Amino acid sequence: MKDELLLHICCGPCSIYPVEVLKEKGINFKGLFYNPNIHPFLEFERRVQALEEITEVLGFEVIYHPSGYGLHQWLEGVWSKCPNRPGRCHMCYKMRLEETARISKELGFTCFSSTLLYSIYQDHDAIREIGNGVARTHGLKFYYEDFRAGWKEGKDRARTIGIYTQPYCGCILSEEERYKKRIERQRKRFREEVRKGP
Ligand code: SF4
């Protein structure tokens, strides 16, 4: 029996290369957008829109998880248990891969994978390990491939298509980490202004 794969998609730009690889290999797949880690809501909407544009250009189907925007779900399931990196990210991967596996089982997919394996900014080895562990628990296969090989190709393609590419990973904490220097500069300026007085 041929494998039917459910591909967890973290965002539009990261899906381009993995989707093209799966198509080239003739693997039957569908995407799943389940990312309660993307905040705030307007950013979540922008990323959904970017993925919709990509699906139109590349021609593949995506299931959008009915829970939609998941700030509270993520805060309870990840941040409240482990607020700092790297544990926070590992729990965040696990949350998304667990749900991908659960849906794979429910809908009759035989294996699953994730576009997280494309990003050069994620903990690749941890994603592979967590994916394999989750697959074992659910009696499924985890399709592993080092999609990072196509990092530049995927990025160039995203630029040509002209879709939105996000400046930070996803959670509100990663946004703060991304702008750490700017935030510090701003604090410094505010402190100096207060010191100067009226
Ligand atoms: S930085 Fe990214 S992977 Fe890590 S917890 Fe935040 S959204 Fe998840």
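Bear in mind these aren't lab numbers, they're just calculated from the coordinates by the rules spelled out. Fair warning: this is a prediction, and the values are worked out from it, not measured in the lab. Methodologically, a virtual Cβ is constructed for each residue, glycine included, from the backbone with ideal geometry; neighbour enumeration extends over all protein chains shown.
Of note:
- In segment 60-74, the residues that are crowded, with 17+ Cβ neighbours inside 10 Å and over 16 Å from the mean Cα position of the chain (by Cα): 60
- Every pair of residues 6+ apart whose Cβ atoms lie under 7 Å, when the first sits in segment 74-87 and is among the charged types (D, E, K, R) while the second is near the ligand (Cβ under 9 Å from one of its atoms): 81/91
- Subset of segment 47-84 [of a type in the set (Asp, Glu) and within 14 Å of residue 14 (Cα to Cα)]: 52, 53
- Filter pass, residue 42 being over 24 Å from residue 146 (Cβ atoms) and either among the aromatic types (Phe, Trp, Tyr) or buried (at least 16 other Cβ atoms within 10 Å of the Cβ) (or both): no
- Any helices (runs of 4 or more DSSP H) falling wholly within segment 94-198 and containing at least 3 residues that are surrounded by fewer than 20 Cβ atoms within 10 Å (Cβ to Cβ) and away from the ligand (no atom under 16 Å from the Cβ): 124-138, 151-161, 180-196
- Considering residues of segment 59-93 that are assigned to a helix (DSSP H, G or I) and touching a Lys or Arg at 6+ places or on another chain (Cβ under 8 Å) only, the residue farthest from residue 19 (Cα to Cα): 79
- Near pairs, Cβ below 7 angstrom, 6+ apart or cross-chain, from segment 157-175 (touching a residue at least 24 places away in the same chain (Cβ under 8 Å) and β-branched (Val, Ile, Thr)) to any residue that is within 15 Å of the ligand (Cβ to nearest atom) and in a helix (DSSP H, G or I): 163/13; 165/13
- The single condition from (1) within 16 Å of residue 174 (Cα to Cα); (2) away from the ligand (no atom under 11 Å from the Cβ); (3) in contact (Cβ under 8 Å) with a residue 12 or more places away in the chain that residue 90 fails is (2).
- Exclusive hit being among the aromatic types (Phe, Trp, Tyr) and in contact (Cβ under 8 Å) with a residue 40 or more places away in the chain, set 33, 60, 41: 60
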